[in-house]
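What follows is a single structure, written as structure tokens, with notes after it.
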């Protein structure tokens, strides 16, 4: 295993190790609704893995996808959030969130490149369930502020995924190795992590 691949895998494991239980969300009364919403995705490993995977996949798809795919995810996630606030149920929310980790990780691992509109539709589907889950955990927070917070956090996680994808590509190009291989390895780790979360 080359040095770049080892570094990439260690980064993913560090991210996984840093994640804390979802019950540790910031209370809006103490920190404000925006802060509670912003912290929300960071306290759920399932959300972190899926959001970063979206960014990684977007970095593989090309320049336009780097903003179009994450933006589509955030817009659809906001729609899912609205559905939860309107008490419109979605079936199998948690299973679909876990499925999103496995599927998105596999898409990165296989470096699947499809028409950008289809890619956007795939992430939008999963985003609805992520947004619905956020809405179901609103608690005492103000809806608009909470929503703004978690959309911003999601954008940062997408951006982190895109940045990692670009960075490993550049490092690999400098080293004369395949950056795509490193990104694909991160996707594989993500998919296996999703399977592990589903089993546990």
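The values are calculated or read from the model by the stated rules, or taken from the named source; none is laboratory data. Remember, predicted model here, so these are calculated numbers, not experimental data. When we count neighbours, we look across all protein chains shown, and the Cβ atoms used for this are built from the backbone with ideal geometry, even at glycine.
Write out, first by first residue and then by second, each pair whose Cβ atoms fall under 7 Å of each other, whose residues are 6+ apart or on separate chains, and whose first residue, in the stretch 83-109, is under 10 Å from residue 53 (Cβ atoms) while the second is at pLDDT 95 or above and not in a helix (DSSP H, G or I).
none
Count, please, the residues in the stretch 86-110 that happen to be over 15 Å from the mean Cα position of the chain (by Cα) and exposed (fewer than 15 other Cβ atoms within 10 Å of the Cβ).
Count: 8.
Please specify each residue of the stretch 111-131 satisfying the condition of being surrounded by 21 or more Cβ atoms within 10 Å (Cβ to Cβ) and within 22 Å of residue 169 (Cα to Cα).
Selection gives 119 alone.
Check off (1) surrounded by fewer than 16 Cβ atoms within 10 Å (Cβ to Cβ); (2) part of a helix (DSSP H, G or I) for residue 171 and give me the number that stays unchecked.
Going through (1) surrounded by fewer than 16 Cβ atoms within 10 Å (Cβ to Cβ); (2) part of a helix (DSSP H, G or I) one by one, residue 171 breaks only (1).
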